[in-house]
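Down below is the structure, laid out as structure tokens.
Rule-based calculations on the coordinates, nothing more; no lab input. Not measured: the values here are computed from a predicted model. A quick note on method: Cβ atoms are made from the backbone with ideal geometry, for glycine too, and the neighbour counts reach across all protein chains shown.
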Ligand code: PRP
Ligand code: URA
């Protein structure tokens, strides 16, 4: 993956950027936020997985036989970090409808900003495939770093991470903890504020997605 930071990539994608602008606006209601997050999830999943190993096989079209491209291995598992990762998952599943899905419940303490895990449900065959981990926000990086440790512990052959908005602090922490994991973001924002929120960001992704503000 290319980009200004190693293993971190922000695709040049006009549609993705326009959808993110709508997502960020404070007047965007929860239903629209959820829909946009799903659309962004579809774009991010296809960008994050665009260079998966490929092979060819013989198929028949209604007209003739041909040697056609196909994935060389099984589809990667999609892993949503709860809650807000569920919003991206809806779109990612449009692109990879047969992929197994894992759920990792992570919640950040609002005072210490330390993430803790409350649910782990990963497919049993994770050691036979890769994983794309999804969470809209990479703030301090604590939630994503712990989640990726879990996915690696389960034996995933490779791990990639896709988010919507990343803070420089979170990208640096991810690169220190998991230098082997490519990170894809729709945008790299300025910084974290004193409450650990990304600036300008989009607010609390979980609350906006599920209407719990
Ligand atoms: C949010 C977000 C990430 C995490 C990012 O979740 O969806 O998982 O914060 O912050 P970090 O990079 O500093 O760990 P939150 O803990 O608010 O839980 P929620 O999705 O259930 O609202
Ligand atoms: N989690 C969020 O939902 N938003 C932020 O800005 C930071 C962490």
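Counting only residues that are within 14 Å of residue 118 (Cβ to Cβ) and in contact with a helix residue (DSSP H, G or I) (Cβ under 6 Å, 6 or more places away or on another chain), how many does region 81-96 have?
Residues that pass the stated criteria total 2.
Do any helices (runs of 4 or more DSSP H) entirely within region 1-115 hold 2 or more residues that are loosely packed, with under 11 Cβ neighbours inside 10 Å, and if so, which?
In region 1-115, the matching helices (runs of 4 or more DSSP H) lie at 14-24.
Taking the conditions exactly as written (touching a helix residue (DSSP H, G or I) at 6+ places or on another chain (Cβ under 9 Å) and touching a residue at least 40 places away in the same chain (Cβ under 8 Å)), does residue 44 satisfy them or not?
Yes; evaluated as a whole, the condition is true for this residue.
If you check residue 202 against the conditions, is it more than 15 Å from residue 108 (Cα to Cα), more than 15 Å from ligand 2 (Cβ to nearest atom), touching a strand residue (DSSP E or B) at 6+ places or on another chain (Cβ under 9 Å) and not in a helix (DSSP H, G or I)?
no
Can you name every residue in region 173-213 that is surrounded by 14 or more Cβ atoms within 10 Å (Cβ to Cβ), without any contact (Cβ under 8 Å) to a residue 40 or more places away in the chain and more than 10 Å from ligand 1 (Cβ to nearest atom)?
Matches in region 173-213: 177, 178, 189.
Please go through region 128-142 and give me each residue that is touching a residue at least 40 places away in the same chain (Cβ under 8 Å) and touching a helix residue (DSSP H, G or I) at 6+ places or on another chain (Cβ under 9 Å), ordered by number.
Listed by number, the residues that qualify are 131, 132, 133, 134, 135, 136, 137, 138, 139, 140.
Can you tell me which residue within region 136-161, out of those that are away from ligand 2 (no atom under 15 Å from the Cβ) and part of a helix (DSSP H, G or I), is farthest from residue 88 (Cα to Cα)?
The residue in question is 153.
Output the residue which, of all residues in region 184-199 that are assigned to a loop (DSSP other than H, G, I, E, B) and touching a strand residue (DSSP E or B) at 6+ places or on another chain (Cβ under 8 Å), is farthest from ligand 2 (Cβ to nearest atom).
The selected residue is 190.
Go over the candidates 164, 181, 133 one by one and state the one that is within 24 Å of residue 91 (Cα to Cα), within 13 Å of the chain's Cα centre (by Cα), in a loop (DSSP other than H, G, I, E, B) and more than 9 Å from ligand 2 (Cβ to nearest atom). I'd like the intermediate steps shown before the answer.
Details: 164 fails: in a loop (DSSP other than H, G, I, E, B); 133 fails: in a loop (DSSP other than H, G, I, E, B).
Answer to the check: 181.
In region 118-149, what count of residues is obtained for those that are surrounded by fewer than 18 Cβ atoms within 10 Å (Cβ to Cβ) and away from ligand 1 (no atom under 11 Å from the Cβ)?
7
Restricting region 81-109 to residues that are over 23 Å from residue 127 (Cα atoms) and within 15 Å of ligand 1 (Cβ to nearest atom), which is farthest from the chain's Cα centre (by Cα)?
109
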